[in-house]
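Student: Encoded as structure tokens, here's the structure I'll be asking about.
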Amino acid sequence: MLRSCLPLVLCCLAARPVLAQASDCGGSSLLSRPIKRFKTARASIGAALLQLGQENHVCFGVESVRPDLFTRSVEVEINNTTVGVVLNRLLAPVRAYNVSEQGRLILIRDAEIAGRTWLDYKMRSFRVPREAVDSTSAALHMWLRSQSDPSIKGFAGDSLGGDFDDLTGPFDGHDNTVRELLTLIVSGSKGGMWVAQGPDILRSRSLGSRPFWKILEYSQPMQFNMELIQATAAQARE
């Protein structure tokens with residue numbers, strides 16, 4: 001269980017204050033949230049998801065082994081609609097993705113993943129103070145590596161240069177999956193989208209020295225996040 005007072009997010013069992021800032025992830029019924037207008041020029045589905053989330057304060061979690069979300073392009077213009085309808089349009093060029101609400105976040109999952117992934121890995125514990133999203137994400141990766149392979153003693157890595165004013169936590173979790181923890185990290189932030197893409201998410205692959213996920217913070221400029229999406233697309237094509 002995770003000690004947290006985030007409403008509507010997973011298992012909330014202990015009355016411990018967590019958030020000093022209001023999250024920019026929306027409340028409940030995210031898929032039915034109305035949108036006056038959504039228009040995206042021809043772009044990858046991943047870039048369009050980022051635009052949809054950043055413009056309408058809707059947070060996402062995306063997991064896929066296949067590259068199609070970041071290599072297939074879409075062009076959508078629609079008025080007087082809902083988040084769910086826009087998502088259906090964006091995902092129409094690709095097949096077999098499951099869309100569901102998980103707390104304050106919309107989860108988009110590759111339905112064709114065979115076998116368990118590292119996102120299903122259940123962490124015995126995860127304890128970090130209130131920190132910037134980028135630091136908390138790096139801490140999650142370190143805790144995951146140390147628990148999955150106790151022989152690992154030291155860590156090194158690079159920061160993505162996240163927003164140091166975008167805070168999340170604190171967290172004191174037990175028996176939560178990596179997916180649940182990523183969702184809580186983003187849900188407690190100013191808003192964002194976590195993306196886990198490619199074969200490295202499979203449990204059959206060894207964990208690398210860097211996280212197999214990225215967290216795109218909505219507090220960052222759209223162009224900054226678009227560059228991260230483009231980097232993800234380039235990796236997907238390799």
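Where a number appears in this text, it was derived from the coordinates with a stated rule and is not lab data. Computed from a predicted model, the values in this text were never measured in an experiment. When we count neighbours, we look across all protein chains shown, and the Cβ atoms used for this are built from the backbone with ideal geometry, even at glycine.
Student: What full-extension length gain, to one decimal in nm, is calculated for Arg130 and Asn80 as 0.36 nm per residue of separation minus the Cα-Cα distance?
Tutor: Full extension of this stretch gives 14.1 nm more.
Student: What is the fewest-to-most order of Asp149, Asp200 by other Cβ atoms lying within 10 Å of their Cβ?
Tutor: Fewest-to-most Cβ neighbours within 10 Å comes out as Asp149, Asp200.
Student: Provide Rg and Dmax in Å for region 86-238, with only Cα atoms included in the calculation.
Tutor: 15.4, 46
Student: How do Phe224, Phe212, Phe164 rank when sorted from fewest to most other Cβ atoms within 10 Å of their own Cβ?
Tutor: Phe164, Phe224, Phe212
Student: Right, here's the next one. Quick one: order Asp165, Asp134 by neighbouring beta-carbon count within 10 Å, fewest to most.
Tutor: Asp165, Asp134
Student: Sticking with this one: I'd like the distance separating the alpha-carbon centroids of region 47-64 and region 163-238, in whole Å.
Tutor: Here the two parts' Cα centres lie 12 Å apart.
Student: Here's something else I'd like to know. Can you compute 3J(HN,Hα) from phi for each residue in region 71-81, using the Karplus curve 6.51 cos²θ - 1.76 cosθ + 1.60 with θ = phi - 60°, rounded to whole Hz and x for Gly and Pro?
Tutor: 10, 8, 9, 9, 9, 10, 9, 8, 10, 6, 9
Student: May I pose another question? Give the Kirkwood hydrodynamic radius (Å, one decimal) of region 48-115, defined as one over the mean of 1/r across all pairs of different Cα atoms.
Tutor: Final number for the Kirkwood radius of region 48-115 is 12.7 Å.
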